[in-house]
Structure formats: C-alpha cells, structure tokens
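Here the structure is laid out as structure tokens; the discussion comes afterwards.
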Ligand code: DC
C-alpha cells in the first residue's frame, strides 16, 4: 500500500497537489487540515473558546466523515481557529487514529505533521512551500472568490501569524521531515508543481522497488 505524505505551509498549493496526485496514483486523499477545521467549526458554532483543550478534545472525538464535506470549513475565521485548536495535544491524539486508519489502506495525506508524526514510514514525503507574499496573493484571490471582503495586507498578516503558530507550537510543529523532498511553488504553475512532484515520487518508488 503506497502512502504519500505531503506537508507544507498554508496556501503553498499542497492541497491542490495532493488532490491531483491522489487521482494520478489512484489513491484515496485525506486533507487533514479539514479535521482541525471541523473541530474549530464545532467550537465556534457552540460559542466555545478554541483555547480550551477539554472542549476542543471533546469536539475532536465527535468528528465524522460527513462534517468534513461542509463548505463552511474553508472560511478564513474557521482556518484561523483551526490553527489554535491544533496546538492542544489532546486534540492531536484524538485525531491520530482517524488519520492512521485512513493511511493504512494506501493514500495521499496532506497536512503539517504527516511525514513527521502521522506517517513517519510513508513511502514518499514531500514538503511544499512558497514565499509568503505569493501564498497571500493566492489565498486573497480564493477568499474574494468566496465573497469575503478582506484586503491583501490583512491576508498576508494573518498568514504570517498562522505560519508562526504552526511552526512554533510545542507538539508536532510544522517542519520538513528529514527525508522529505522540497517543492517550492513560488514560481511554479500547478501543472509544473505537479510534474515536479510526479518526477520525485516516481524516482523514490522506483528506487524502493529496485531494492
Ligand atoms: O491546511 P489547513 O489550512 O486546512 O489547516 C488548518 C490548520 O490546521 C493549520 O493552521 C494547522 C492545523 N493542522 C495541523 O496542525 N496539522 C495538520 N496535519 C493539518 C492542519
């Protein structure tokens, strides 16, 4: 069963890449950010505090696959709260089994700690990143397309805050696994990023088969 782990920064293009790669290799795809977003949405809908580890852990235990298809998970406020609920160890533990069970059937998983914590034995690990200004531009365009009224400067500021929180939390911080292959999408179209990823994955899988 092939497992492809894709980690990276917010709005780096890792989600689009993961979706395309899962179709290309005929593997299931899990966007693990949705799990944290779902916890955040439950918390926000109930008027609870994303800083409360107990409330967030209880919400994490109630995640079902149908919540994951709620389009409201994509909103800016839910994403910002997701990076706050994600700092709690109880939340991360509650979501661990769901992710490992999903990976066990062979899959592409994208997130922040897939190659480092969730699937340390993944067959291939990618780390996707791009310059903050480029990521903010992409995210701003996306939010405007959903009808959100927000400036580019605000998006850039929030993105830097999010990067900082994701990379500096105590548990499972965002960082490339030692054996991850870096893909910088700053100057790459999605097509070219996809081609670069396929090249890396095919080479790693071929080397494994040859062993
Ligand atoms: O990828 P995303 O923007 O949907 O993720 C939302 C937040 O969830 C992100 O800021 C940090 C958290 N997250 C995480 O801690 N671990 C993951 N594997 C995926 C997301």
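Can you confirm whether residue 120 is in a loop (DSSP other than H, G, I, E, B), surrounded by fewer than 16 Cβ atoms within 10 Å (Cβ to Cβ) and touching a residue at least 24 places away in the same chain (Cβ under 8 Å)? Criteria met by residue 120.
Taken over segment 127-151, the criterion of being more than 13 Å from residue 13 (Cα to Cα) and either free of Cβ contacts under 8 Å to residues at least 12 places away in the same chain or surrounded by fewer than 15 Cβ atoms within 10 Å (Cβ to Cβ) (or both) is satisfied by 133, 141, 144, 145, 146, 147, 148, 149, 150, 151. Suppose we keep only residues that are within 13 Å of the ligand (Cβ to nearest atom) and surrounded by fewer than 18 Cβ atoms within 10 Å (Cβ to Cβ) within segment 6-46. Which one would you say is farthest from residue 109 (Cα to Cα)? Step by step, filter segment 6-46, then rank; the result is 16. Scanning for something within 15 Å of the ligand (Cβ to nearest atom) and modelled with pLDDT of 95 or more, does segment 179-192 turn up at least one residue? There is at least one residue in segment 179-192 that is within 15 Å of the ligand (Cβ to nearest atom) and modelled with pLDDT of 95 or more. In segment 15-29, the residues that are closer than 19 Å to residue 79 by Cβ reach residues that are surrounded by fewer than 18 Cβ atoms within 10 Å (Cβ to Cβ) and at pLDDT below 95 with C-beta atoms within less than 9 angstrom, at least six apart or across chains, in these pairs: 16/190; 17/190.
A single entry from 73, 48 fulfils the requirement of being more than 30 Å from residue 186 (Cβ to Cβ), without any contact (Cβ under 8 Å) to a residue 40 or more places away in the chain and touching a helix residue (DSSP H, G or I) at 6+ places or on another chain (Cβ under 7 Å): 48. Within segment 162-181, being free of Cβ contacts under 8 Å to residues at least 12 places away in the same chain and more than 23 Å from residue 4 (Cβ to Cβ) holds for 164, 168.
Of the residues in segment 94-101, at least one is crowded, with 21+ Cβ neighbours inside 10 Å, under 26 Å from residue 25 (Cα atoms) and out of contact with any strand residue (DSSP E or B) (no Cβ under 8 Å at 6 or more places or on another chain).
Among the residues of segment 125-149, none is identified as farther than 17 Å from residue 185 by Cβ and at pLDDT 95 or above.
On the basis of being touching a helix residue (DSSP H, G or I) at 6+ places or on another chain (Cβ under 8 Å), in contact (Cβ under 8 Å) with a residue 24 or more places away in the chain, more than 30 Å from residue 201 (Cα to Cα) and away from the ligand (no atom under 13 Å from the Cβ), does residue 54 make the cut? So residue 54 passes the test.
One line per residue, one yes/no per condition, for (1) within 17 Å of residue 34 (Cα to Cα); (2) more than 14 Å from the ligand (Cβ to nearest atom):
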| site | (1), (2) |
| --- | --- |
| 82 | yes, no |
| 100 | yes, no |
| 105 | no, yes |
| 108 | yes, no |
| 124 | no, yes |
| 154 | no, yes |
| 167 | no, no |
| 175 | no, no |
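The values are calculated or read from the model by the stated rules, or taken from the named source; none is laboratory data. Every value quoted in this text rests on a predicted model; they were computed, and no experiment measured them. Counting neighbours? That spans all protein chains shown, and the Cβs are built from the backbone with ideal geometry, glycine included.
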